[in-house]
Amino acid sequence: MAWWRIGLSLLAGLLLVAAPAQAQLSGLSPLKLDLGQDWTAHLGGDVNLTGFSASQSQAPWRSQPTASIFADARIDKLFANEWRVGVVTKLNLYHDRYSGDNYGNRFFAKAYGFVRTPYGELEVGRQDGAAYTMAITGPLIAPQVALDDANISFFVAPGTLTNLSRVFALRSAVFSTSNGSKLSYFSPRLLGLQLGVSFTPSLARGPVSVLGAVPAGSGRQSDLVDAALNYTGYFGRTSLGLYAGVVHGQLAHALPGHSDLVDWGIGGELDYAFSDSLTGALGGAYRQSNTYAFDPFAAAKTGQSDILHGSATLVFKSYKFGVEYSDGTAGAALGLPHLHLAGYELSTAYVVNRNLQLTLGFQHERFASTGALLSAGTSSQGLNAVFLFARLHV
């Protein structure tokens, strides 16, 4: 079935679903529970549902659904001096081969405590590093199904049936410390500037890993430090965001060909409000690392990985339109093949209410390798997908 026919079918479904959904669904807020003594619990989450059709290297189109469910919980207390303390968890309740998260799809995606004061915020536990938390990489109308840093990917590596994002993921925000247990500090914003730093003793995820020794293993890094600087400014109808971040680690055990980790990136976004109902945004990012395919356990003395990303969006009332381009390379290193993944995405979305958004899009990528990672005798594949994505967020 031609992709344009699939796209027309999905568009018809989008229009049919959106109208009654807007009339029937009211805005939902996270469940809030008063626990006494100024302690409050907040419960929410999101459900991601996607129907897609995909083809790899002219193979017949295959159509199927994919889904993921996440729950968010926070318990905090606000003190009279405006200090706030609390604990946050994010649970991966359900995922399949095509949907999930960026943290290996473990049940506990995040679990950390925080102290928020007028002098900044301190976090400890399984949380993103400062270089990822503060990243600005360009506007996206539906990050879950974007090319950059996607949680949903439509392509697999034949033979192993492994999702292609597990082989090489396009992610322009600096992400080397992932959700490893860490200690982070974020300064107050002053004159538009904010500084963030994180310390990750190792990339382990245990509850006391911030104090533990580095686990044994090939390419393990220790004492990883995130540092990031973020700027936001407003100039009439224009808003500007800029970002720079870096992660540095130390190789825990000397290994031939391996090296201390260095991962850095820069990015920015410019937004302009043409009117109260029409806003445009343009941005992008560049990331470079001495790791193979941005794997923090594969920091190499030779070879590097880099990603260039750009995107633009236009928002008119409840409608969004977006275009995105990403180009990533993993240089041959540690006896592994050279990889190249590049592509673009066109998408449009309808915001039903503050909880529900429907997104229709077309994605094209091309994957090339000096080795036949995708199938025997194949070094390059064209990848195409049409999708209809619904996200219910509370």
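The values are calculated or read from the model by the stated rules, or taken from the named source; none is laboratory data. Not measured: the values here are computed from a predicted model. Glycine also receives a Cβ, built like all others from the backbone with ideal geometry; neighbour counts cover every protein chain displayed.
Residues in the range 263-297 that are surrounded by fewer than 23 Cβ atoms within 10 Å (Cβ to Cβ), in contact with a Gly (Cβ under 7 Å, 6 or more places away or on another chain) and of a type in the set (A, V, I, L, M): 270 alone. The residues listed here are 55, 63; of these, the one that is assigned to a strand (DSSP E or B) and closer than 22 Å to residue 167 by Cβ is 55. Within the range 67-91, the residues that satisfy the criterion of being surrounded by fewer than 18 Cβ atoms within 10 Å (Cβ to Cβ), within 25 Å of residue 188 (Cβ to Cβ) and β-branched (Val, Ile, Thr) are 75, 85, 87. Output yes when any residue across the range 33-48 is in contact with a Leu (Cβ under 8 Å, 6 or more places away or on another chain), modelled with pLDDT of 95 or more, under 28 Å from residue 155 (Cβ atoms) and among the aliphatic types (A, V, I, L, M), and no when none is. Scanning the range 33-48 turns up at least one residue that is in contact with a Leu (Cβ under 8 Å, 6 or more places away or on another chain), modelled with pLDDT of 95 or more, under 28 Å from residue 155 (Cβ atoms) and among the aliphatic types (A, V, I, L, M).
Being assigned to a loop (DSSP other than H, G, I, E, B), within 25 Å of the chain's Cα centre (by Cα) and surrounded by fewer than 22 Cβ atoms within 10 Å (Cβ to Cβ) is true of residue 260.
Somewhere in the range 129-152, is a residue closer than 16 Å to residue 224 by Cα, among the aliphatic types (A, V, I, L, M) and in a strand (DSSP E or B)? No, the conditions are met nowhere in the range 129-152. In this structure, does residue 330 turn out to be out of contact with any helix residue (DSSP H, G or I) (no Cβ under 7 Å at 6 or more places or on another chain) and in contact (Cβ under 8 Å) with a residue 40 or more places away in the chain? Criteria met by residue 330.
Within the range 164-205, the set of residues being charged (D, E, K, R) and crowded, with 21+ Cβ neighbours inside 10 Å comprises 171, 182. Identify all residues within the range 331-348 that are under 19 Å from the mean Cα position of the chain (by Cα), buried (at least 19 other Cβ atoms within 10 Å of the Cβ) and not charged (D, E, K, R); write none if there are none. Across the range 331-348, the qualifying residues are 341, 343, 347. Of the residues that sit in the range 44-66 and are crowded, with 16+ Cβ neighbours inside 10 Å and aliphatic (A, V, I, L, M), which one is nearest to residue 394 (Cα to Cα)? Looking at the filtered set, the residue picked out is 47. I'd like to verify a number: residues in the range 92-107 that are surrounded by 15 or more Cβ atoms within 10 Å (Cβ to Cβ), touching a residue at least 40 places away in the same chain (Cβ under 8 Å) and over 14 Å from the mean Cα position of the chain (by Cα), how many? Final tally of qualifying residues: 1. Condition (residue is farther than 24 Å from residue 30 by Cα and either assigned to a strand (DSSP E or B) or in contact with a strand residue (DSSP E or B) (Cβ under 7 Å, 6 or more places away or on another chain) (or both)) applied to the range 85-97: is it met by at least one residue? Checked the range 85-97: at least one residue is farther than 24 Å from residue 30 by Cα and either assigned to a strand (DSSP E or B) or in contact with a strand residue (DSSP E or B) (Cβ under 7 Å, 6 or more places away or on another chain) (or both). Of the residues in the range 301-312, none is free of Cβ contacts under 8 Å to residues at least 12 places away in the same chain, farther than 20 Å from residue 222 by Cα and of a type outside the set (Val, Ile, Thr).
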